[in-house]
Structures are given as C-alpha cells and as structure tokens.
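Have a look at the structure below before the remarks.
The values are calculated or read from the model by the stated rules, or taken from the named source; none is laboratory data. Everything numeric in this text was worked out from a predicted model, so none of it was measured. A quick note on method: Cβ atoms are made from the backbone with ideal geometry, for glycine too, and the neighbour counts reach across all protein chains shown.
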Protein chains: 2
Amino acid sequence: MRIAVDAMGGDFGLKVTVEGAVRASQEYKIEVLLVGVAELIEKEFLKHKTSSAKLSVVNAPEAIGMGEGILSFRKKKNSSIRVGAQLVKKGEADAFVSTGNTAAIVYISRKILGALKGVDKPALSLLVPSLEGITLLIDVGANVDCRPQHLEQFAVMGKIFMENVLGVQNPRIGLMSIGEEESKGNELTKQVFEALQASPLNFIGNIEGKDIYSGKADVIVSDGFTGNIALKVSEGVIETFFYMVRNEVMKNFFAKIGLFLMKRNLKKLYKKVDYAEYGGALLLGLNGVCIIGHGRSNPNAVKNAVRLAKDFVQSKVQERIKYEMARGFQAIG
Amino acid sequence: MRIAVDAMGGDFGLKVTVEGAVRASQEYKIEVLLVGVAELIEKEFLKHKTSSAKLSVVNAPEAIGMGEGILSFRKKKNSSIRVGAQLVKKGEADAFVSTGNTAAIVYISRKILGALKGVDKPALSLLVPSLEGITLLIDVGANVDCRPQHLEQFAVMGKIFMENVLGVQNPRIGLMSIGEEESKGNELTKQVFEALQASPLNFIGNIEGKDIYSGKADVIVSDGFTGNIALKVSEGVIETFFYMVRNEVMKNFFAKIGLFLMKRNLKKLYKKVDYAEYGGALLLGLNGVCIIGHGRSNPNAVKNAVRLAKDFVQSKVQERIKYEMARGFQAIG
C-alpha cells in the first residue's frame with residue numbers, strides 16, 4: 001500500500017508531518033509518499049532514522065496556507081494538496097493524508113476526484129470522542145445547503161464507515177435536531193426523519209445539541225452548515241472555559257496549587273478528548289480516499305491519520321458505498 | 001407597575017418562584033401577581049415576611065410540566081402560562097415572567113399576544129455571558145425556518161433591546177455563520193449578510209461558532225434552528241466536560257485535593273457564566289412583554305427575571321420596534 005502525505009500541511013510545518021510520516025511507514029509497514037517542496041523534505045529526512053521506512057518524495061513547489069481562500073485553491077496549480085489528490089487520481093497512491101487547510105482539501109479533492117458513483121455530495125465527516133466511545137459527525141462543513149436525499153446518503157455512508165472501519169455493529173444513526181420528538185426540527189430534518197425511519201437503517205431519532213457527546217448515537221447526520229456550527233461552538237466553549245478557569249484560578253494562591261495537583265489528570269483527560277488522537281476527518285463519498293488531520297496535529301496525530309487512511313483503504317468502504325447507492329438509497333427527497 | 005409571575009414554573013416549584021417573586025416585589029417596589037394554584041401559593045406566602053411586598057394571587061388550576069408537548073399547550077385552558085399571558089393581553093399586567101416550559105411559553109404567548117405591528121415572527125432571544133460582557137443570541141428556537149427578512153428583523157430588534165434595556169451604545173451586530181468571509185455560509189446567511197451590510201446597522205460580519213462567547217458581537221443573529229443547536233451544544237459540552245473532569249479527578253488523591261482547593265474560585269466562575277444570573281430569555285417582537293427564566297432558576301434568578309421584565313417595560317423597546325418596522329426594515333428578502 002502506498003499513502004501520500006502532505007508534507008506542507010499543519011500548523012507546525014514539515015518537522016511534524018515528516019516525523020509522523022516516517023513513523024507511520026515504519027509502524028504500519030507501508031510506503032509513504034511525501035508531497036511538498038522536495039528540498040525541504042529531504043533536509044528533514046536527515047533528522048530521522050529512516051532506514052526501516054519506505055519513503056519517497058513527490059515534489060510540489062507550492063503550499064496553501066491555513067488562512068488562504070478559494071482563489072489560491074484555484075490558482076496554485078502545484079500546491080501539495082493538488083499534487084497529492086492527483087496521485088490518488090492517477091492511481092499512484094491509495095490515499096492522501098493532509099493536515100492542511102480543510103477548505104482547500106475539500107475543494108481540491110472534490111474537483112479532482114469527484115464523487116463516487118451514486119453519491120450526490122461527498123461529505124466532510126469527523127470522528128469525535130463521546131462519553132461512551134467515538135461518534136461520527138457527518139457533514140461538518142462540506143455541504144452547507146442540503147436536500148433530504150443528501151442527508152440520507154450521509155446516513156448510509158456513515159453507517160458503512162463505522163461498521164467497516166471502526167467495527168461498530170449495526171451503528172445507531174441519529175439526526176441532529178432541536179428536540180427528541182419527530183415533530184421537532186426544521187423542514188429539512190422533518191423530511192429526513194421520515195425517510196430514515198422508513199429505511200432499513202438503525203435510526204434512533206433526533207439527537208439534540210446537548211447529546212452530541214453523550215454517546216447516544218454512533219453516527220450523527222446533519223447538513224454541513226449545522227454540523228460546522230455545532231463543531232465550532234464546541235471548540236469555542238472549551239477554549240473560552242479554559243481561559244476563564246485559568247484567569248479565575250490565577251487570582252488565588254490555593255486555587256493555583258489546586259490546579260497544579262490536578263495537572264496530570266487533566267492532561268490524561270485532554271488526551272481522551274483530543275480528536276487529533278482519532279485520526280481526524282475524512283471525505284466520505286469521494287471517489288478516492290482523503291483523510292484530513294487537525295491542523296494542530298503532532299507527529300503522533302499525523303501517524304494516526306495515516307493509520308486511518310490505511311484502515312479505510314483495506315476496509316472496502318468505497319465498494320460498499322457504491323453498492324448501497326446503486327440499490328437505491330438515494331430514491332427519496 | 002404590575003408584573004405577573006408564573007408560580008408553577010421551574011424545576012423546583014413554588015418554593016423558588018414565590019420566594020423570588022416576594023423578593024422582587026420588595027426590592028423593586030412593584031406589584032407582583034402570582035399566577036397558579038391559589039391554595040398552594042397562599043400556603044407558600046406563610047413562609048415569608050410579605051408585609052412590605054405588594055402581592056396578589058391569580059388562580060390558575062392547571063400547570064404545564066417541563067416535558068409536556070403541544071397537545072397540553074392547547075388542551076390546558078387554565079394553565080398558569082395561559083392565564084399569565086391573558087393578564088398581559090387584558091392589560092391587567094405589564095409583563096409576564098415564567099421559568100416554565102420554554103416551548104409552552106413561546107407557543108401560548110404567541111397565540112394569545114401575537115406579534116408587534118410590522119414584525120413577522122417574534123424571536124426567542126437569550127442573554128449569554130461572554131469574555132467581555134453579555135451577548136444577545138436571537139433566535140434560539142422560536143422560528144426554525146426563516147427567510148432573510150426575518151433575520152434582518154431579528155437584528156433590528158436585538159439592536160433596540162441592547163441599546164435601550166442594557167445601555168449598549170451602537171451594538172455590534174454579528175451573523176452566525178461558518179466562516180468570517182462574506183462568501184462563507186449557506187443561501188440564507190449569504191442573503192442576510194448582503195442585506196445587513198446595506199443597512200444602517202453596525203454590522204460587523206459573520207461570527208463563527210467558536211466566537212459566540214468571545215464578546216466580538218453584542219447581538220448574534222441566526223435562524224432558530226441554528227441558534228438552538230449552538231445553545232444546546234454549548235450546554236452539552238460544558239456538562240460532558242464537567243462529568244469527565246469529575247470522573248478523572250476522582251481517580252487520584254492529589255487531584256481530588258486539587259479540585260477541593262479550586263472549589264471557591266470555580267464557584268465564582270460558575271456564577272459568572274450561569275445565565276440564570278442575567279434574567280433569562282425573552283420573546284422580542286411579541287405584542288406584550290414575556291420573560292422566560294431558566295428552569296433551573298433559584299429565587300435570585302426569578303428575581304432577576306422580574307427585574308429584566310421591569311427594565312423592559314420601562315425601556316419603551318416595544319414602541320421603538322414598531323417605529324423601526326414601520327420605517328421599512330422589513331423591505332428585503
């Protein structure tokens with residue numbers, strides 16, 4: 001198996017991506033193609049024991065920064081993200097992994113790879129920790145305006161992913177909405193509710209915002225606008241809260257000692273809820289495998305993203321999605 | 001001034017609502033009408049020094065529970081919420097305050113009081129704490145499917161409220177969306193963005209989910225579906241997080257001591273972020289004043305909700321909303 005890794009992605013640059021890629025190649029015995037400025041990648045190789053790793057370099061002289069927008073996505077014809085997606089398109093890599101600009105990866109990989117046969121819209125899907133394990137949120141930002149049939153496709157793809165990549169049997173599918181009852185929601189969710197209830201999926205009904213992390217559902221379906229808001233609000237709440245705790249605790253000597261005594265356990269907890277640990281996001285329904293790691297990824301998180309790519313390729317998820325779509329899951333809405 | 005208070009609302013019953021109402025009457029020198037089962041209210045009075053308070057009782061033999069749905073809202077013709085809203089309708093009270101079932105209050109008060117002239121949809125608005133003060137989220141659940149003109153009306157009403165009730169000068173209006181750039185968002189938000197930018201409002205652009213609590217905007221506008229998701233996700237994240245911290249910390253002796261040492265400061269912090277402190281939610285654009293306190297309200301929070309009602313009545317917000325709507329703010333979308 002050959003997996004392409006974007007060397008230019010992530011908030012911490014090649015230092016982290018190259019180390020993660022080297023470790024992934026060694027640990028999973030796979031070939032890794034590092035995509036980016038060749039000179040810089042080779043310089044980075046010198047810092048590592050690469051003897052047991054199977055590595056090669058694919059030159060891509062341009063990089064798309066985290067803050068850049070659609071103009072750069074289009075203009076930079078030699079960006080590492082574009083070159084990486086093309087490797088998958090040409091069959092020179094089985095998957096592409098990047099910790100770069102999410103919007104760029106979504107835009108470029110959809111342009112180059114397109115959707116799987118039968119899928120209307122590839123969906124940005126994210127594994128998040130819950131009180132009981134891991135939940136897949138689909139979509140978290142790729143498709144802001146959706147019709148009911150799109151959300152049903154998301155549900156089917158989410159189910160296939162959780163079953164075949166994470167080994168969750170008969171995954172519980174929830175619909176993100178504003179109340180548990182069938183009557184609660186907007187026009188879109190009410191139609192989707194009806195369709196999912198009539199489907200052979202293990203549909204457990206609406207999931208309210210407060211229950212996203214409770215572990216009630218294995219897959220939570222939403223349009224990309226709502227999913228993105230839910231995700232970003234979560235990040236914002238945690239950040240604001242930590243900031244406030246820090247501020248408040250620093251005012252008091254005993255509280256400071258208290259925080260110090262809790263540090264080790266808080267770190268453990270942080271590791272548990274840090275979604276970099278879970279391999280990141282992915283585009284389900286894409287005609288190719290593309291994994292998007294968190295920008296803040298450390299080498300371990302990059303390695304985990306490569307493992308997710310490997311598991312995904314081996315799982316035959318793509319074939320199953322095509323098969324299910326051909327069976328007519330899209331015939332609603 | 002006379003304010004009606006729903007004695008039957010809230011998670012803790014009459015004990016809390018009656019105490020809050022008594023204290024509000026004494027502190028703000030206003031008359032409070034307690035609405036609910038007369039016998040129970042009068043029994044509760046005996047527990048308080050009510051000599052300096054101006055109190056009366058309006059009998060309402062039925063109560064709507066926190067978990068009840070639309071059937072009860074319609075069927076219970078003598079619920080405390082319905083009787084309270086009718087007091088406002090008949091001019092026998094200047095405002096109605098309840099800590100009961102939010103959906104019931106929204107449904108019944110809209111049925112009985114209707115919208116202010118020029119307003120299409122009264123909006124559920126919530127004051128939330130931010131890093132820099134207080135932000136008004138509008139709508140957080142009353143209108144799940146909105147057209148652009150509705151969101152512009154929300155913006156105008158939010159501005160008038162913040163200016164006249166909370167004294168915020170030229171409030172910064174933000175639009176809840178999934179990226180800061182104008183091009184980010186769904187069909188709805190993109191149209192609203194354009195309209196708000198062309199309006200005389202102090203529109204500062206899109207606010208991402210992660211910035212809701214940062215204090216960047218004084219008013220954050222959204223449809224009720226998105227706003228409700230954002231709010232409930234926030235509650236869920238905090239609850240899940242506290243649960244996890246507790247669980248993790250209890251595993252270790254030193255961490256337990258650590259938590260103990262931080263307790264006083266965490267309580268202070270909790271008070272800062274507890275939105276019961278701010279008086280609660282309200283229906284802006286309703287033809288009448290209706291304040292919705294949090295179900296978990298303690299007597300102090302009930303008292304604060306009454307204060308918010310009083311400030312609202314004195315502020316002439318209603319007249320200003322009618323005036324602005326007549327000037328044609330609704331002429332878009």
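Inside the range B:73-103, can you point out the residues that are within 24 Å of B:ALA230 (Cα to Cα) and either of a type in the set (Val, Ile, Thr) or at pLDDT below 95 (or both)?
Hits for the range B:73-103 are B:THR99, B:GLY100, B:ASN101, B:THR102, B:ALA103.
Kindly establish whether B:GLY215 is more than 21 Å from B:ILE105 (Cα to Cα), within 8 Å of chain A (Cβ to nearest Cβ) and either touching a residue at least 24 places away in the same chain (Cβ under 8 Å) or touching a Phe, Trp or Tyr at 6+ places or on another chain (Cβ under 7 Å) (or both).
no
Here are some conditions: (1) under 17 Å from B:ASN186 (Cβ atoms); (2) within 10 Å of chain B (Cβ to nearest Cβ). A:GLY236 meets all but one. Which one does it not meet?
(1)
Since A:ILE220 meets every condition but one in (1) at pLDDT 95 or above; (2) crowded, with 19+ Cβ neighbours inside 10 Å; (3) over 30 Å from A:LYS267 (Cβ atoms), which condition does it not meet?
That leaves (3) as the condition not met.
Give me the helices (runs of 4 or more DSSP H) completely within the range B:1-97, filtered to those with at least 3 residues that are in contact (Cβ under 8 Å) with a residue 60 or more places away in the chain and surrounded by 23 or more Cβ atoms within 10 Å (Cβ to Cβ), ordered by residue number.
B:14-28, B:80-89
Among the numbered conditions (1) within 11 Å of chain A (Cβ to nearest Cβ); (2) on the phi < 0 side of the Ramachandran plot; (3) not acidic (Asp, Glu), tell me where B:GLY185 comes up short.
B:GLY185 satisfies every listed condition except (2).
What are the residues in the range A:197-254 that are under 14 Å from B:ASP211 (Cα atoms) and either of a type outside the set (A, V, I, L, M, F, W, C) or in a loop (DSSP other than H, G, I, E, B) (or both), if any?
A:ASN228, A:LYS232, A:SER234, A:GLU235, A:GLY236, A:GLU239, A:THR240, A:TYR243
Please go through (1) more than 24 Å from B:THR240 (Cα to Cα); (2) under 16 Å from the mean Cα position of the chain (by Cα); (3) surrounded by fewer than 22 Cβ atoms within 10 Å (Cβ to Cβ) for A:MET157 and return the number of the only condition it doesn't satisfy.
(3)
Name the residues in the range A:275-325 that are touching a helix residue (DSSP H, G or I) at 6+ places or on another chain (Cβ under 6 Å) and of a type in the set (Asp, Glu), would you?
Result: A:GLU324, single match.
For the range A:173-194, how many residues meet the condition of being touching a residue at least 12 places away in the same chain (Cβ under 8 Å) and either of a type in the set (Lys, Arg) or assigned to a strand (DSSP E or B) (or both)?
Total meeting the criteria: 6.
Which of the residues that make up the range A:129-152 are of a type in the set (A, V, I, L, M, F, W, C) and within 19 Å of B:GLU208 (Cα to Cα)?
Start the filter on the range A:129-152 by keeping residues that are of a type in the set (A, V, I, L, M, F, W, C), which leaves A:131, A:134, A:136-138, A:140, A:142, A:144, A:146, A:151.
Matches in the range A:129-152: A:LEU137, A:ILE138, A:VAL140, A:ALA142, A:VAL144.
Would you please name the residue that is farthest from the other protein chains (Cβ to nearest Cβ), looking only at residues in the range A:144-154 that are buried (at least 24 other Cβ atoms within 10 Å of the Cβ) and either part of a loop (DSSP other than H, G, I, E, B) or in contact with a strand residue (DSSP E or B) (Cβ under 7 Å, 6 or more places away or on another chain) (or both)?
So, considering only residues that are buried (at least 24 other Cβ atoms within 10 Å of the Cβ) and either part of a loop (DSSP other than H, G, I, E, B) or in contact with a strand residue (DSSP E or B) (Cβ under 7 Å, 6 or more places away or on another chain) (or both), the one farthest from the other protein chains (Cβ to nearest Cβ) is A:PHE154.
Mind checking whether some residue in the range A:167-182 is within 14 Å of another protein chain (Cβ to nearest Cβ), under 21 Å from B:CYS146 (Cα atoms) and touching a Pro at 6+ places or on another chain (Cβ under 9 Å)?
no
Kindly check whether there is at least one residue in the range B:195-210 that is in contact (Cβ under 8 Å) with a residue 60 or more places away in the chain, more than 14 Å from chain A (Cβ to nearest Cβ) and touching a Leu at 6+ places or on another chain (Cβ under 6 Å).
No: zero hits.
Scanning for something within 22 Å of A:ARG23 (Cα to Cα) and surrounded by 20 or more Cβ atoms within 10 Å (Cβ to Cβ), does the range A:108-122 turn up at least one residue?
no
So for the range B:99-112 (the condition being assigned to a loop (DSSP other than H, G, I, E, B) and either more than 14 Å from every other protein chain (Cβ to nearest Cβ) or touching a His at 6+ places or on another chain (Cβ under 7 Å) (or both)), does at least one residue qualify?
yes
All but one of (1) more than 9 Å from chain A (Cβ to nearest Cβ); (2) surrounded by fewer than 24 Cβ atoms within 10 Å (Cβ to Cβ); (3) of a type in the set (Val, Ile, Thr) hold for B:VAL245; which doesn't?
Among (1) more than 9 Å from chain A (Cβ to nearest Cβ); (2) surrounded by fewer than 24 Cβ atoms within 10 Å (Cβ to Cβ); (3) of a type in the set (Val, Ile, Thr), B:VAL245 violates only (1).
Kindly establish whether A:GLY141 is part of a loop (DSSP other than H, G, I, E, B), small (Gly, Ala, Ser), within 14 Å of chain B (Cβ to nearest Cβ) and closer than 24 Å to B:LYS190 by Cβ.
yes
Just to be sure I understand the filter: pairs with C-beta atoms under 7 Å, separated by 6 or more residues or on different chains, first member in the range A:249-260 and more than 7 Å from chain B (Cβ to nearest Cβ) and free of Cβ contacts under 8 Å to residues at least 24 places away in the same chain, second member exposed (fewer than 13 other Cβ atoms within 10 Å of the Cβ) and in a loop (DSSP other than H, G, I, E, B). Which pairs pass?
A:LYS256/A:MET250
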